[in-house]
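What follows is one structure encoded as structure tokens, with my remarks underneath.
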Amino acid sequence: MKTIIVACGGGIATSATVAAKVNSRLEDMGLAGKAKVEAVDIKSLDSYISSADLYLSVTPMARGGKEYPIPTISGIPFLTGMGADDAMEQIVSILKLK
Amino acid sequence: MDALALVFQSILDLGAAVFLPIIIFILGLIVGLKPGKALSAGLMLGVALTGINLVVSYMSTTVGTAAQAFVENTGVQLTGLDMGWAPALGLCWNWKYAFLMFPVQIGINVIMLVLGWTKTLNVDMWNVANKIFTAFLVASVTGSAVLGFAAAIIQIVLELKNADATKNQITELTGVPGISMPHPMFLSNIIFYPFAKLLDKIPFMRYQLNAATLKDKLGIFGENHVLGFIVGTIVGLVGGQGSQALLTGVQAGTALTLFPMVSKLFMTALTPISDAANSFIKKRFPGREMVIGLDWPILAGNPEIWVAIIFTIPVALIVAMVLPGNTVLPFGNLMNVCVCAAAFVACKGNLIKMITISWLMCPILSWSASDFAPMLTDLAISTGSTDILIEGQQLAWWGMDIAEIRWMAVEACRVNPIAIAALAGFAVLAFFFFKWQKKEEHDAAVRMGWIQETASK
């Protein structure tokens, strides 16, 4: 079981939205047993990131942000709906779910 | 017919935790969800509401008890306990007309898109509750749900207009094109933005602090369990609990850690519905230029926001202790993004200006929270779970979004002449704000290379 985490300001709204969407896609693809997305609080990100396999970031910064020790891709496509299929493919290939 | 009315009434009487799942289930079927998914989503909303009550009740019996000891020991009348934004907005769903805000927000948004009055499609469903809260407040003071919805509609329109008016700047900050930010907190920038410009006249205000380094050092104080432990222990110690204060500290940390875990269930419930609704809308308007309105945390990677918040915590607590007329102990919302994330945009990330604004806002946040506490308490009690509060305690939301605007609006409804004058002043400021943003947007577009400097002035 692979763990994907997504973090936002409180681990409540934005991150939980992305988690719900990606989990639902995983379910539709029949991969629900292989990976799961969890919404976490960005203020405690350091304690979650070491035990996760992939970080879905929804906090892009044009000036460049922090580097993370695990593979990181943008979760914004799941919020806007644009490019969500491609992002999903990336998740599947990075985690070798198929 | 009578039997039907009786069934309907008895379901209503069981409260939002039973009533809303049925509404969401029906809504889910209407927007095309499979019955299974619709049922799961609806029931999850009931679970979220019940979960919120559980955690609020836990907070009241643990931190609330310590806070009462604190009141008795010090004589400082802090009878209201701030539960923070997530439980407060969760609680709003218990208002009897709450579910109507869904179709109202989506309907107003679609109408404005069709008429070309906005480019933003707001897909942020969490903050539907922020409109419910406004409507609930206005309805509570005026006794009219219609006026409540009128206030909420004004808020929806202003949010979309503000999102349109600042979208280039958001793209510049995030590097993501095609998004905007209709979160209500950014309406505070109608005041913060000109104020930040005034602060520029003071020389040392322009000094840039390195927020990333500060955040690495101070970040631990922003973690829910650590912050809860510190505040809980202090309250317990001043309340004369002795070594028991450490237990209060751990319990306070528990409350702040459990709130998000329960609150995120709201989004698990609402996301399938909003997804279906949004794809419905996008299908109907192919080819129309549209930006997607997102919630504020897209900015949450910026360390300035968290540093400004942490620097405000001691000030917020001291202000709460000494401010005449304040009755609320800031607790659940001490990590106050509602001011600092908005100020981040208004101050263009200048930490000293952000902290200045955040400190100056503390009295307003305390007074408005005190003013609204009785209404929130009544709402919590009206859910039928009267036992969620210990005797003599009030529930409050310190540091709510657009506290200053909501306070003006509610007091204006109470025909307070100062508030009416302030609201008129705010309207004038809003006019100029939107004008100023045109230049900011142009400048942002130039910096991103979208247009040439000479294009227009």
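The table below gives the values:
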quantity: HN-Hα J in Hz across segment B:67-74 - Karplus 6.51, -1.76, 1.60, θ = phi - 60°, x for Gly and Pro; calculated: 5, 5, 4, 4, 4, 5, 6, 9
quantity: Exposure proxy order (Cβ contacts within 10 Å, fewest to most) of A:Asp53, A:Asp41; calculated: A:Asp53, A:Asp41
quantity: In Hz, Karplus ³J(HN,Hα) per residue of segment B:443-450 (6.51, -1.76, 1.60; θ = phi - 60°; x = Gly, Pro); calculated: 4, 5, 5, 5, 4, 7, x, 6
quantity: Separation in nanometres of the label points that stand 7 Å from Cα toward Cβ, at B:Met261 and B:Gln452; calculated: 6.0
quantity: Debye, to nearest 20: dipole size of the protein assembly as shown, +1 on Lys, Arg Cβ, -1 on Asp, Glu Cβ; calculated: 1240
quantity: Cβ-based charge dipole, chain B, positive-most Cα from B:Leu246, B:Gly75, B:Ile364; calculated: B:Ile364
quantity: Sequence ranges B:417-423, B:395-401, ranked by mean other-Cβ count within 10 angstrom, highest first; calculated: B:395-401, B:417-423
quantity: Percent RCO, i.e. relative contact order, over segment A:2-95, from Cα pairs under 8 Å lying at least 6 residues apart; calculated: 32
quantity: In order through segment B:361-366: 3J(HN,Hα) via Karplus (6.51 cos²θ - 1.76 cosθ + 1.60), integer Hz, x for Gly, Pro; calculated: 6, 3, x, 5, 5, 5
quantity: Lys/Arg +1, Asp/Glu -1 at C-beta; segment B:153-311 dipole; positive extreme among B:Leu209, B:Phe266, B:Leu256; calculated: B:Phe266
quantity: Cut-off under 5 Å, modelled amide H: who pairs with A:Ser74 long-range; calculated: A:Ser57
quantity: Part-to-part distance (alpha-carbon centres) for segment B:405-454 and segment A:1-47, which is given in Å; calculated: 36
quantity: Length-normalised contact order for chain B - Cα pairs under 8 Å, 6+ apart - percent; calculated: 25
quantity: Magnitude of the charge dipole, segment B:117-223, Cβ model with Lys/Arg +1 and Asp/Glu -1, debye to 20; calculated: 240
quantity: Exercise: per-residue mean of other protein chain Cβ atoms within 10 Å, B:214-227; calculated: 2
quantity: Whole-Å distance, taken between Cα centres, linking segment B:119-174 and segment B:246-298; calculated: 16
quantity: Helix-only [θ]222 nm of chain B, DSSP H runs n ≥ 4, -39500 (n - 2.57) each, per residue, nearest 500; calculated: -23000 deg cm²/dmol
quantity: Peptide B:118-128, shielding by other chains (average Cβ, 10 Å cutoff); calculated: 2
quantity: MRE, 222 nm, helices only [DSSP H, n ≥ 4, -39500 (n - 2.57), over chain A, to nearest 500]; calculated: -10500 deg cm²/dmol
quantity: Cα gyration tensor, chain B - rounded (a/c under 1.5), prolate or oblate; calculated: oblate
quantity: Euclidean distance of C-alpha centroids, segment B:73-118 and segment A:51-87, integer Å; calculated: 29
quantity: Length added when fully stretched, B:Ile202-B:Lys283, from 0.36 nm per residue minus Cα-Cα; calculated: 24.0 nm
quantity: Extreme residue, positive dipole direction of chain B, given options B:Ile30, B:Thr118, B:Val415 (C-beta unit charges); calculated: B:Thr118
quantity: Only Lys, Arg (+1) and Asp, Glu (-1) charged, at Cβ; chain A dipole about Cα centre in debye; calculated: 80
quantity: Segment B:192-342: C-alpha gyration tensor shape, a/c 1.5 cut-off, then a/b vs b/c; calculated: oblate
quantity: Listed peptides B:337-348, B:118-129 by packing density, highest first (mean Cβ within 10 Å); calculated: B:337-348, B:118-129
quantity: Protection proxy ranking, peptides B:32-42, B:230-240, average beta carbon neighbours within 10 Å, highest first; calculated: B:230-240, B:32-42
quantity: Distance violations [Cα-Cα > 26 Å] among A:Lys2/A:Lys43; A:Lys43/B:Lys34; B:Lys161/B:Lys439; A:Lys34/B:Lys34; calculated: A:Lys43/B:Lys34
quantity: Other protein chain Cβ atoms within 10 Å, averaged over every residue that makes up B:262-272; calculated: 6
quantity: Three-way shape call for the protein assembly as shown based on the alpha-carbon gyration tensor, with the a/c threshold at 1.5; calculated: rounded
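No value in this document is a laboratory result; all are computed from the given coordinates. Only a predicted model underlies this, so the values are computations on that prediction, with no experimental measurement involved. A quick note on method: Cβ atoms are made from the backbone with ideal geometry, for glycine too, and the neighbour counts reach across all protein chains shown.
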